[in-house]
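Q: The following block contains the structure, expressed as structure tokens.
The values are calculated or read from the model by the stated rules, or taken from the named source; none is laboratory data. Worth saying up front: this structure is predicted, and the values here are computed from it rather than measured. FYI the Cβ positions are ideal-geometry reconstructions off the backbone, even for glycines, and counts take in every protein chain you see. Keep in mind that these areas ignore ligands, DNA and RNA; they rest on the heavy atoms of the full protein, side chains included. Shrake-Rupley method; radii C 1.70, N 1.55, O 1.52, S 1.80 Å.
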Amino acid sequence: MTPGTVWIVGAGPGDPELITVKGRDLVARAGAILFAGSLVSAAALRWAPAGCEIADSKDMTLEAISAWLIGQAARHTTVVRLQTGDPALYGALIELVQPLDAAGVPVAVVPGVSSAMASAAAAVESFTLPEVTQTTIFTRVEGRTPMPAGESLRELAAHRCTLCIFLSITLLHKVEAGLREAGWPADAPMLVVHKASWPGEERIVRGTLATIKQQCREAGIVSQAMVIASPALGARAWPDLTKSKLYDAAFTHRFRKASTT
Ligand code: SAH
């Protein structure tokens, strides 16, 4: 018998409505769902069909996870592995796919809304601004996982672009040190979003490089938080914003002719 497909689905950042339509439809017809801890349980429970086998991978090893998925794929056409945010970011995706490949189980990935994007949305911020920064880096600081050469925060921050720093809320001293070493000023704006998009639980902390660690400590934020450093933060209140060329009356693009020259 040909095995079913294991769909690795981005569940989004927390709000069950932020799963994609495709992801929700797969959950709704899944024979079995394995979700990654409390972060994505809401999406699983809300859309799963009656009789679907649902398990939490919180206490499973990677071997146990792949064994569970391979076992379910032998019985069901559609097996869903739900992951937080987007599966391509800090989700052990490749480690999960390799044993499925080895077992001959077809795999497909459905992207999800990353917590980086949900954090920008929560705070009404843009990661890119004309003539300020046109680049965003997704990174983390070194914890138990070592950073490859050339990827220290000091080196990345030298670009003075937007930095979305995952998995680092308990390492804010390292964030601060890296940015300071790269020459960011003490009053550089910083943003921390805790539980972005979680209904009723989201918290937004705005501060500076000098204050953010203490502010987060006082707010008791120790997990599930995105740290954002960017020269574009707070631009909503800037009076002298450089406008994007896309909507500039003097700028012709594919869909619209310039009205002035
Ligand atoms: N694949 C996920 C990231 C998983 S790593 C994604 O695309 O979002 C886990 C880290 O993601 C956490 O340490 C935190 O930095 C961030 N994170 C996950 N959910 C979050 C949320 N709702 N709000 C803020 N940060 C979140």
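Q: Kindly provide the set of residues from the stretch 57-79 that are more than 16 Å from the ligand (Cβ to nearest atom) and not in a loop (DSSP other than H, G, I, E, B), ordered by number.
A: Step one: filter the stretch 57-79 for residues more than 16 Å from the ligand (Cβ to nearest atom), giving 59-61, 63-64, 66-79.
Residues satisfying the conditions are Glu63, Ala64, Ser66, Ala67, Trp68, Leu69, Ile70, Gly71, Gln72, Ala73, Thr78, Val79.
Q: For the stretch 173-182, what are the residues that are more than 12 Å from the ligand (Cβ to nearest atom) and either buried (at least 17 other Cβ atoms within 10 Å of the Cβ) or under 18 Å from Ala232 (Cα atoms) (or both)? So that I can check it myself, show each step before the final result.
A: So the first thing to find is which residues in the stretch 173-182 are more than 12 Å from the ligand (Cβ to nearest atom), and the list is 173-174, 176-182.
The answer is Lys174, Glu176, Gly178, Leu179, Arg180, Ala182.
The rows are residues; the columns are (1) within 16 Å of the ligand (Cβ to nearest atom); (2) under 22 Å from Gly85 (Cβ atoms); (3) at pLDDT 95 or above.
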site: Trp198; (1), (2), (3): yes, yes, no
site: Thr211; (1), (2), (3): no, no, yes
site: Ala229; (1), (2), (3): yes, yes, yes
site: Ser244; (1), (2), (3): no, no, no
site: Asp248; (1), (2), (3): no, no, no
site: Arg256; (1), (2), (3): no, no, no
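Q: Please go through the stretch 154-171 and give me each residue that is out of contact with any strand residue (DSSP E or B) (no Cβ under 7 Å at 6 or more places or on another chain) and within 23 Å of Ala219 (Cβ to Cβ), ordered by number.
A: Scanning the stretch 154-171 gives Thr170, Leu171.
Q: Let me ask something additional. Please enumerate the residues belonging to the stretch 192-201 that are open to solvent by less than 70 Å² (accessible area, probe 1.4 Å) and either in contact with a His (Cβ under 9 Å, 6 or more places away or on another chain) or not in a loop (DSSP other than H, G, I, E, B) (or both).
A: Val192, Val193, His194
Q: While we're here: Residues of the stretch 214-227 being open to solvent by 70 Å² or more (accessible area, probe 1.4 Å) and either within 10 Å of the ligand (Cβ to nearest atom) or not hydrophobic (A, V, I, L, M, F, W, C) (or both), which ones? Steps first, please.
A: Of the stretch 214-227, the ones open to solvent by 70 Å² or more (accessible area, probe 1.4 Å) are 214, 217-218, 222, 224.
Correct list: Gln214, Arg217, Glu218, Gln224.
Q: Looking only at residues that are within 16 Å of the ligand (Cβ to nearest atom), in contact (Cβ under 8 Å) with a residue 60 or more places away in the chain and β-branched (Val, Ile, Thr) in the stretch 81-117, which one is least open to solvent (accessible area, probe 1.4 Å)?
A: Across the stretch 81-117, the extreme among qualifying residues is Val110.
Q: Sticking with this one: Going through Leu163, Leu209, Leu167 one at a time, which residue ends up being of a type in the set (A, V, I, L, M), open to solvent by 80 Å² or more (accessible area, probe 1.4 Å) and not assigned by TED's automatic domain parsing to the domain that holds Thr84?
A: Values: Leu163 fails: open to solvent by 80 Å² or more (accessible area, probe 1.4 Å); Leu209 fails: open to solvent by 80 Å² or more (accessible area, probe 1.4 Å).
None of the others qualify; the one that does is Leu167.
Q: Can you tell me which of Gly14, Gly31 is open to solvent by less than 70 Å² (accessible area, probe 1.4 Å) and within 14 Å of the ligand (Cβ to nearest atom)? Spell out how you get there, then give the answer.
A: On the way: Gly31 fails: within 14 Å of the ligand (Cβ to nearest atom).
Checking each option against the conditions leaves just Gly14.
Q: Please pick out the residue among Ile169, Ile165 that is within 11 Å of the ligand (Cβ to nearest atom), touching a Lys or Arg at 6+ places or on another chain (Cβ under 8 Å) and of a type outside the set (Lys, Arg).
A: Answer to the selection: Ile165.
Q: Tell me, please, whether a residue that is outside any helix (DSSP H, G or I) and open to solvent by 60 Å² or more (accessible area, probe 1.4 Å) can be found in the stretch 39-52.
A: Quick first cut of the stretch 39-52, residues outside any helix (DSSP H, G or I) only: 48-52.
Next cut, open to solvent by 60 Å² or more (accessible area, probe 1.4 Å) only: 50-51.
Yes, the conditions are met somewhere in the stretch 39-52.
Q: Sticking with this structure for a sec: For Ala177, indicate whether it is of a type outside the set (Ser, Thr, Tyr), assigned to a helix (DSSP H, G or I) and within 27 Å of Thr20 (Cβ to Cβ).
A: Values: of a type outside the set (Ser, Thr, Tyr): yes; assigned to a helix (DSSP H, G or I): yes; within 27 Å of Thr20 (Cβ to Cβ): no.
No.
Q: Can we say Gly91 is in contact with a strand residue (DSSP E or B) (Cβ under 7 Å, 6 or more places away or on another chain) and either at negative phi or not in a loop (DSSP other than H, G, I, E, B) (or both)? Walk me through it before giving the result.
A: Details: in contact with a strand residue (DSSP E or B) (Cβ under 7 Å, 6 or more places away or on another chain): yes; either at negative phi or not in a loop (DSSP other than H, G, I, E, B) (or both): yes.
Taking the combined requirement at face value, the residue satisfies it.
Q: Scan the stretch 53-69 residue by residue and report those that are touching a strand residue (DSSP E or B) at 6+ places or on another chain (Cβ under 8 Å) and buried (at least 18 other Cβ atoms within 10 Å of the Cβ).
A: Ser57, Ile65, Trp68, Leu69
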